[in-house]
Amino acid sequence: MIAKKVLALAAAAVVATLSLSQAAQAGPRLDKIMESKVLRVGTPGDYRPFAIKTDAGLSGHDIDVIEAMAKELGVKIEYVQTSWPKLMADLQSDQFDIAVGGITRNVARIRLIEMLPGYAPFGKVALVRSAEKAKYNTVDDLNKPNVRVIKNPGGTNETYVLQNLKAAQVSTHEKNAEIPGLIAEGKGDVMITETYEALVYSKADPRLHAAFIDTPLTPKSYLGFMLPKDDADYTRVMNFVWGQIDSRGILKGASDKWLK
């Protein structure tokens, strides 16, 4: 009887030790962030009004929000340059802990990674020259051999162009933030983008017009921050922090500042 009790106590001790060991190893990404006090944030930094990189640094809606989240976590931010074609691969290869900058929530992405709650509802629209805005009333008007479409590689705007504007003259320009200027200068006719970016550029440059704003080319979608799918504790905490800053009006403040 005594031997059985000893064995039972030994087994219980082993289970307890394993449980403690597993607990200590849980949440490796979260532990690393909290111990180093650094959150690595990847962004292409070329998408107004969400994240744009200038000589003065990064600014935009998403930058304000992630800075507020970092403050809530008690960490500082280390920004990491990425690009739309490399965004997913860089996140999955641990180049950064979170990606921001106007990233569309969709099934293709959420199959592979986590995303925080959606914000900034939008649809695909077209940025065209104001002098020619009467030409573009339907997708068929955009999808013609004499229409020059300039796309940025790697994102959902490129996907839309390749799927829907096959008859148009399509070219690629690596720097998304430069495409509106090319359209305004007549070096292209159409840029497919989202509601907010089109409004920013059309308001800033009278040569440009945001077409399809009232009737977008696609159903409504939302943007979201991307997280790697390797630490459930990290995802849980980041969702909590998102909820915290939302409850304090920080998300509304960022929206009022950048998206109105």
> Among the residues of region 139-151, which ones are open to solvent by 40 Å² or more (accessible area, probe 1.4 Å) and either hydrophobic (A, V, I, L, M, F, W, C) or in contact (Cβ under 8 Å) with a residue 24 or more places away in the chain (or both)?
Replying inline: Val139, Asn143, Lys144, Pro145, Arg148
> Taking the condition open to solvent by 60 Å² or more (accessible area, probe 1.4 Å) and either assigned to a helix (DSSP H, G or I) or of a type in the set (A, V, I, L, M, F, W, C) (or both), does Leu91 pass?
Replying inline: no
>> Being among the small types (Gly, Ala, Ser), in contact (Cβ under 8 Å) with a residue 24 or more places away in the chain and in contact with a Lys or Arg (Cβ under 8 Å, 6 or more places away or on another chain) narrows it down to one residue among Ala120, Ala177, Ala99; which is it?
In response: Ala177
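Residue-wise test of (1) open to solvent by 50 Å² or more (accessible area, probe 1.4 Å); (2) of a type in the set (Val, Ile, Thr).
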position	(1), (2)
Gly60	no, no
Val65	no, yes
Ala108	yes, no
Arg111	yes, no
Asn137	yes, no
>> Could you tell me how many of the residues in region 180-202 are farther than 12 Å from Arg129 by Cα and without any contact (Cβ under 8 Å) to a residue 40 or more places away in the chain?
In response: 1
> Applying the selection to region 62-87, what residues are part of a helix (DSSP H, G or I) and touching a Leu at 6+ places or on another chain (Cβ under 6 Å)?
Replying inline: Ala70
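The values are calculated or read from the model by the stated rules, or taken from the named source; none is laboratory data. Predicted, not measured: the structure shown is a model, and the values here were computed from it. Glycine also receives a Cβ, built like all others from the backbone with ideal geometry; neighbour counts cover every protein chain displayed. Calculation scope for accessible area: heavy atoms of the full protein, side chains included, ligands and nucleic acids excluded. Shrake-Rupley method; radii C 1.70, N 1.55, O 1.52, S 1.80 Å.
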